[in-house]
There are 2 protein chains.
Amino acid sequence: MEIPVVQNILNANDQIALQNRQLLDEHDICVVNIMASPGAGKTSLILQTIDALRDRVNIGVIEGDIASNIDADRVAAKDVPVVQINTGGQCHLDAPMIQRSLAELPLGHLDMIFIENVGNLICPVSFKLGEDLNVMVASVPEGDDKPYKYPGIFVAVDAVVINKIDLLPYVRFDVAAFRELILGMNAKASIFEVSCETGQGIADWVEWIARQRDANQNKE
Amino acid sequence: MEIPVVQNILNANDQIALQNRQLLDEHDICVVNIMASPGAGKTSLILQTIDALRDRVNIGVIEGDIASNIDADRVAAKDVPVVQINTGGQCHLDAPMIQRSLAELPLGHLDMIFIENVGNLICPVSFKLGEDLNVMVASVPEGDDKPYKYPGIFVAVDAVVINKIDLLPYVRFDVAAFRELILGMNAKASIFEVSCETGQGIADWVEWIARQRDANQNKE
């Protein structure tokens, strides 16, 4: 009797993530999945990045929220293509949602797509979307103990953007200890310190993300 | 042929939540489920409440986190009974976890139990634990647009504690608009403005929660 070997069989989400990946590769589009707690500054980081890169890179955005169009409206005001996904209660984006969103974007004219995931440090990590890069925004007022409590996301991401550093004088947050903790869990993580409010540190982040996009372009 | 009528059949979680409720009623214990984004100040609010009520109320605490004992250690330093639940990845507490935790607490000596749920504005709302009250902590630096994006939790709670009001001078947050938005969704919600850092506003919250406990006691 043959014993069936079950491996490399993708679940439904991962199958569609792979289709998204193939579609995006056909168009040479670099996709960045941005995850964070509610209110950490995901939208603000995307808006700052659009401003900094708009002369060099054609950017599209997919906004994920339980409800409302607030974030998509902020992005649309920058005159870039944007799709709002309302999950209607679901705590994360999934690959089918991204598939439907990609059908609404002018892929032939885009170089990069930023996906703003639902504000949640836990569930989004488990769902592939077809992205090239996973980035976490961690905001200073949330505290520097988050890697202990939510290790999964810190291990999974390519970069951690520490946002709201303009609030460092007013809260307890040890940047050096936070960096050390992240690197102890994820030695390859790039770490940036920014304030989307003042613009401090944004240039370093933007140069890094532009380099990732160039590397993506050159992989063919 | 009889058509089976399926109603009032509780799911497994709700059945155990009901058992928790019965056990807690036998001991006249008022249970408060505290939910929030990561880093909004759930533990700090519990610590402030313990300090304010410790001469009047015997408090126990159940700490929920994906990983680590950091929060339970902070509570234990106050010399109150505490149980740490590590969900190991699960994005919310559920009734069976609380059932196991209650078995570890000296119920005969407690008047109130605070449950600190996993930091997440979405998933915890859907799981009954056996609690009397649901309270949300919303921190000022998260921004005042959260009710639009995460309506489910704002509708579900008995009270919203606006924390980190000491940061109001440094961030954009319209307290009056935020209150109005919450009350438009949930007219019965009690709203408090506090700083767990400076202690400002804690007295009003503590008096409210103590009154809820007294009302609970008198319901027999």
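The values are calculated or read from the model by the stated rules, or taken from the named source; none is laboratory data. Predicted model, so just to flag it, every value in this text is computed and none were measured. When we count neighbours, we look across all protein chains shown, and the Cβ atoms used for this are built from the backbone with ideal geometry, even at glycine. Protein only, heavy atoms only, side chains kept; ligands, DNA and RNA dropped before computing areas. Shrake-Rupley method; radii C 1.70, N 1.55, O 1.52, S 1.80 Å.
Inter-copy label distances at B:Gln217, shortest first and taken from points set 7 Å along Cα to Cβ: 7.0 nm.
Rg/Rh, computed from the Cα trace of the protein assembly as shown with Rh as the Kirkwood radius, has the value 0.99.
The modelled label-to-label distance between B:Asn86 and B:Asp51, using points 7 Å beyond Cα along the C-beta direction, is 2.9 nm.
Which of the trypsin sites (Lys or Arg not before Pro) found in the range A:184-220 are loop residues per DSSP with 13 or fewer other Cβ atoms within 10 Å of their Cβ?
The qualifying sites are A:Lys188, A:Lys219.
The Cβ shell under 14 Å around B:Arg172 holds other residues with a net charge of -2, Lys and Arg each +1, Asp and Glu each -1. If you plug the beta carbon distance of B:Leu18 and B:Ala76 into 1/(1 + (r/R0)^6) with R0 = 30 Å, you get a FRET efficiency near 0.50. Between the beta carbons of B:Met185 and A:Glu104, assuming R0 = 25 Å, the FRET efficiency works out to 0.30 to the nearest 0.05. Here each label is just a point 7 Å from Cα along the line to Cβ, and for A:Asn218 and A:Asp25 those points are 2.0 nm apart.
Judged by the mean number of other Cβ atoms found within 10 Å, the most tightly packed of the peptides B:156-165, A:105-114, A:25-34 leads the ranking B:156-165, A:25-34, A:105-114.
With a cut-off of 13 Å between beta carbons, the residues surrounding A:Ala67 carry a summed charge of -2, where Lys and Arg count +1 and Asp and Glu -1. Solvent exposure of chain A amounts to 43 Å² per residue of accessible area, where only protein heavy atoms count and the probe is 1.4 Å. Neighbours of A:Asn13 by Cβ distance under 15 Å: Lys/Arg scored +1, Asp/Glu scored -1, total 0. Helical runs assigned H by DSSP (4 residues or longer) give chain B a calculated mean residue ellipticity at 222 nm of -10500 deg cm²/dmol, each run adding -39500 (n - 2.57) before division by the residue total. The amide H of B:Asn163, built 1.01 Å from its N in the peptide plane, has B:Ala138, B:Ser139, B:Val140, B:Val194 as neighbours under 5 Å, considering only residues 5 or more places off or on other chains. Averaging the sequence gap over all C-alpha pairs within less than 8 Å and six or more residues apart, then dividing by the number of residues, gives the range A:38-135 a relative contact order of 34 percent.
Dividing the C-alpha radius of gyration of the range A:37-117 by 2.2 N^0.38 Å, with N its residue count, gives 1.04. Surface composition of chain B: carbon plus sulfur atoms contribute 49% of the solvent-accessible area (1.4 Å probe, protein chains only, all chains present).
Where both partners of a DSSP beta bridge lie in chain A, what percent of those bridges are antiparallel, to the nearest 5?
Restricted to chain A, the bridges split so that about 0 percent are antiparallel.
With q set to 0.16, 0.17 Å⁻¹, the log10 of I(q)/I(0) for chain B, from the Debye formula over equal scatterers at the Cα positions, is -1.11, -1.25.
Compute for chains A and B the buried accessible surface, both sides summed, probe 1.4 Å, and express it in Å² to the nearest 100.
2500
Residues whose amide H comes within less than 5 Å of that of B:Cys30, counting only those at least five positions distant or on another chain, are B:Met112, B:Ile113 (H built at 1.01 Å from N in the peptide plane). Taking 7 Å steps out from each Cα toward its Cβ at B:Gln200 and A:Ala67 produces label points 3.0 nm apart. Descending by average beta-carbon neighbour count within 10 Å, the peptides B:82-93, B:136-147 line up as B:136-147, B:82-93, the highest first.
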